[in-house]
Amino acid sequence: MTGKEVIAKLKSAGGALAHVHGSHHVLTKAGQAVPVPVHGSRELGAGLLAAIQRQSGVKLK
């Protein structure tokens, strides 16, 4: 999954884009901030996807 795909899933689950700092988009949901790196069409690693999934509570795959 790319960063853009992760952001789309988090937004569809009720997340809102808080701010963008460089290539890192920070989404918030229920007071929880989740940073997602966006580097073009580059795939995110399995460990990073697992961490985003744990922090957000949203099933990504």
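The values are calculated or read from the model by the stated rules, or taken from the named source; none is laboratory data. If you're wondering where the values come from, they're calculated on a predicted model, not measured in any experiment. Because the Cβ atoms are built from the backbone with ideal geometry, glycine has one as well, and the counts that use them run over all protein chains shown.
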- Query: For the range 3-37, which residues satisfy the criterion of being surrounded by 11 or more Cβ atoms within 10 Å (Cβ to Cβ) and assigned to a loop (DSSP other than H, G, I, E, B)?
  - Reply: A13, G14, G15, S23
- Inside the range 38-61, can you point out the residues that are part of a helix (DSSP H, G or I) and either surrounded by 14 or more Cβ atoms within 10 Å (Cβ to Cβ) or touching a strand residue (DSSP E or B) at 6+ places or on another chain (Cβ under 9 Å) (or both)? L48, L49, A51, I52, Q53, Q55, S56
- Taking interchain pairs and intrachain pairs at least six residues apart, which have beta carbon atoms under 6 angstrom, with the first residue in the range 1-12 and closer than 16 Å to Q32 by Cα and basic (K, R) and the second modelled with pLDDT under 95 and assigned to a strand (DSSP E or B)? none
